[in-house]
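The values are calculated or read from the model by the stated rules, or taken from the named source; none is laboratory data. Quick caveat: nothing in here was measured; it's all calculated off a predicted structure. Cβ placement follows ideal geometry from the backbone for every residue including glycine, while neighbour counts extend to all protein chains displayed. What goes into the accessible areas is simple: the full protein's heavy atoms, side chains included, and nothing from ligands, DNA or RNA. Shrake-Rupley method; radii C 1.70, N 1.55, O 1.52, S 1.80 Å.
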Number of protein chains: 2
Amino acid sequence: MGAPPGYRPSAWVHLLHQLPRADFQLRPVPSGFAPQEQEYQQALLLVAALAGLGLGLSLIFIAVYLIRFCCCRPPEPPGAKSPPPGGGCVTWSCIAALLVGCAGIGIGFYGNSETSDGVSQLSSALLHANHTLSAIDHLVLETVERLGEAVRTELTSLEEVLAQRTELVAAARGARRQAEAVTQQLQGLAFWRGVPLSPLQVAEDVSFVEEYRWLAYVLLLLLELLVCLFTLLGLAKQSKWLVIVMAVMSLLVLVLSWGSMGLEAATAVGLSDFCSSPDTYILNLTEEETGLGSDILNYYFLCNQAVSNPFQQRLTLSQRALANIHSQLQGLEREAVPQFPDAQKPLLSLEETLNVTEGNFHQLVALLHCRGLHKDYGAALRGLCEDALEGLLLLLLFSLLSAGALATALCSLPRAWALFPPSDDYDDTDDDDPFNPQESKRFVQWQSSI
Amino acid sequence: MGAPPGYRPSAWVHLLHQLPRADFQLRPVPSGFAPQEQEYQQALLLVAALAGLGLGLSLIFIAVYLIRFCCCRPPEPPGAKSPPPGGGCVTWSCIAALLVGCAGIGIGFYGNSETSDGVSQLSSALLHANHTLSAIDHLVLETVERLGEAVRTELTSLEEVLAQRTELVAAARGARRQAEAVTQQLQGLAFWRGVPLSPLQVAEDVSFVEEYRWLAYVLLLLLELLVCLFTLLGLAKQSKWLVIVMAVMSLLVLVLSWGSMGLEAATAVGLSDFCSSPDTYILNLTEEETGLGSDILNYYFLCNQAVSNPFQQRLTLSQRALANIHSQLQGLEREAVPQFPDAQKPLLSLEETLNVTEGNFHQLVALLHCRGLHKDYGAALRGLCEDALEGLLLLLLFSLLSAGALATALCSLPRAWALFPPSDDYDDTDDDDPFNPQESKRFVQWQSSI
């Protein structure tokens, strides 16, 4: 039979998991997931710090490039209006960089939605597991109450009716004992009762954090899109102030991109360590948080042929006790009803209760079986380790593309700006009207210039 | 208890489902999903035909626009090189249209991947259901074989050992009868045996079709991306032959876009009808295909409190028979083993078999419960009616955007083309070198022209 096909670590997980890790003293750190250990935290911080290093390097590069551009220009012959050579190249490279940035933004939107999908899959699996666990509790409670009620009322009145025949009273007492045994066994099955960990709470926390993460990325993406579009507009309209404002904004977005890249890289590396062998970590964590026995947790988290059902004994005993109650009630119906017609009503009511209890028992067997909960566990892992990790890597690609594009744009913008004609040459009033004759003349010049 | 939260039709489904439908004679058609009825097929074909109408209208519009442009131009004064007014507007509108087309392509890629996600969710749910159904078959077969083997060997040898005491032989015969009863009841539980419909086959067919659909869309998207980029390049380099080739390609992609729009619209409308109330249609179809009783299908497809478990009776009888076998074996162990030590070995072996059978029985109860299969059904519906439909609507948006963008581009391209300088003015050799002085002069002209 076997469990349904479950979670397998993807190639990305293996790849990221194999990257070397080091702590602040650059000693190698094992790549097992251990977020509580200081060394491992340092390794992740170091990964994030690499992005800081990248930011520093790209800022230094931009600064050096611009200083060289400003200070080391060959002296122009006075009065000559010819621009420095390579002007077309500079503007076109700036436009190409901004287009690459826009493509990166598209990838970022896709990655953000992938990550969001993965996390929502995780939280819906948690909600489903919570549903199963509370259904077990509820079903046990309901069945125990119903059996207890039947023992208190129908079995007592049956014993009163049959009081004259001791062997029949003994049979009724036997049924009572079996019912009490079933009650006791069933109560042991509600294993999640009183456990302090609530999957519902975890799912709500995860959704809450994810909502803000998603929103923050959407805002970052929109900000970068606006910067790209307005920079293109500034270049096209040769508006100096727009280009200056957008250069400053580009610098801000560059810092944000490198910052988000650091967060994404550290999260991706940590997630890959978790995802390469999640069972052990999750087992230990759940054992700590819930205080449940390792047999139960192993059963649900591994759910294979090698792990036996920890409730098997209780289920078998309950099942046998229910069958015994049934045969005792059948015996009583055969023996007692002809002699004591009053016994028929409580007997029929008891059989009805027994049927319902057997139905509930089958539901309980189905709910307790590891299949359902293990499937939720697999879905949660797939959401986190496939979709969310994939989305995270796409976001990393977005950050990388946008950092490169913005750095190129920042290098090119001042050079393109220097090529703009002085503003007194530039008539701003009729600039928006493509139908004015001046505009048409310009268009022809543009057409023949490229 | 209740089933876990299942599938609910989305707002898109409601919206699309409420659109009016008509057949070829324009008589209204009810919007219930009935793909086998001719009227309904006609309604879907009519939806697809609307896209053909759109294609025709846009082709007529383009033709009229271009004929008017070619034939009704005011005569130019001979020798004057000034272009018609509005030239800049034409080229910029062409560029804007192509950029809108590129944004549409991004949406198309996203929609294609959403649709693919939804369909793969559907086929993985089908695979999971197939796994459950074959596990039930396999488990029943294994348990029945194991019980039969025990009856043939251990119970026979036990009866031979106990041949001297008729009441013990009678107890062993009782156990045999009960075991045979269990075998018979269990065989009735393998409800999917011999059913001609295989979810595995359906999943494979669905994946096969989806693979080609996905590939076709990726090719269409890449084709349109190439057309957009090369048209932009042609405009920037003022290459007449590139613009002409791309205009022809744009016409081809325009036809493909309208064609795909028709397919998407008809599929989306049909899917919304299916998704607004899938249970009835799926129930009828499965009943026809499998020949299974409606009680079993209702149990799995609805899985709520109102539908009782159709296997409840069989399960309860098997459970009681197993408990009876257990008590008879216990009695034999108490009575027979002191007198016949040879009886111990077959008795122990029988108890072992009984324990395994009870374990298998609990697995079977869990597998037969509607929870698992109903969850797969819900996942399949969510994949098809949420993700796939959403992706389809995004693809529809892509087709709409690209049809609009390409029509605008087709109207603008010849006008922009007419503005290009005659090719003898145009020196092709040093065009690619932005560092040559001519290029720099052109760049300044361009800078001051826009």
For the protein assembly as shown, accessible area per residue (1.4 Å probe, heavy atoms of protein chains only), Å²: 48 Å²
Fluctuation leader among A:134, A:260, A:276 - chain A, Gaussian network, Cα springs under 10 angstrom: A:134
Residue-averaged [θ]222 nm for the protein assembly as shown, counting only DSSP H segments that reach four residues, each worth -39500 (n - 2.57): -26500 deg cm²/dmol
Nearest-ten-degree value, helix A:344-368 long axis tilted from longest Cα axis of chain A: 30 degrees
Whole-Hz ³J(HN,Hα) from phi, Karplus 6.51 cos²θ - 1.76 cosθ + 1.60, for region B:133-148, glycine and proline x: 5, 6, 5, 4, 4, 4, 5, 4, 4, 4, 5, 5, 5, 5, 5, x
Angle in degrees between helix B:370-382 and the longest Cα principal axis of chain B, rounded to the nearest 10: 10 degrees
Sequence-distant residues sharing a close amide H with residue B:22 (under 5 Å, placed H): B:29
FRET efficiency estimate (nearest 0.05) - Cβ-Cβ, residue B:285 to residue B:8, R0 25 angstrom: 0.75
Shielding score for B:384-394, defined as the mean number of other chain Cβ atoms within 10 Å: 0
Dimensions in Å of the protein assembly as shown - Rg and Dmax from alpha carbons: 38.0, 131
Whole-Å distance, taken between Cα centres, linking region B:246-285 and region A:309-363: 57 Å
Positive minus negative residues near residue B:169 (Lys, Arg vs Asp, Glu; Cβ under 12 Å): -1
Ranked by how many other beta carbons lie within 10 Å on average, peptides A:321-329, B:213-221 from highest: A:321-329, B:213-221
Furthest towards positive pole of dipole, B:336, B:313, B:290, structure part region B:276-370, Cβ charges: B:336
Chain A, Cα convex hull volume normalised per residue, Å³: 210 Å³
Carbon + sulfur, % of accessible area of the protein assembly as shown - ligands and nucleic acids excluded, 1.4 Å: 64 percent
Net charge contributed by nearby residues that have their C-beta within less than 10 Å of residue A:348 (K/R +1, D/E -1): -3
Estimated FRET transfer efficiency when R0 is 60 angstrom, pair residue A:36-residue B:71 (beta carbons, to 0.05): 0.15
Per-residue mean of C-beta atoms belonging to partner chains within 10 Å, peptide B:320-333: 3
Area buried, chain A against chain B - accessible surface, total, 1.4 angstrom probe, square angstrom: 5900 Å²
Most mobile of B:210, B:335, B:145 in a GNM of chain B (Cα contacts under 10 Å): B:335
Packing-based order for B:407-415, A:405-413, A:55-63, A:263-271, using average beta carbon neighbours within 10 Å, highest first: A:405-413, B:407-415, A:263-271, A:55-63
Per-bin percent of Cα-Cα distances, region A:280-358 [5 Å]: 3, 13, 16, 13, 10, 8, 8, 8, 7, 7, 5, 2, 1, 0
Farthest toward positive dipole pole in chain A [+1 Lys/Arg, -1 Asp/Glu at C-beta], among A:407, A:357, A:139: A:407
Region A:11-448, relative contact order in percent, only Cα pairs under 8 angstrom and at least six apart counted: 36 percent
5 angstrom amide H check on residue B:189, placed H, neighbours 5+ away: none
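Based on Cβ point charges of +1 for Lys and Arg and -1 for Asp and Glu, what charge dipole magnitude is obtained for region B:11-448 about its Cα centre, in debye rounded to the nearest 20?
980 debye
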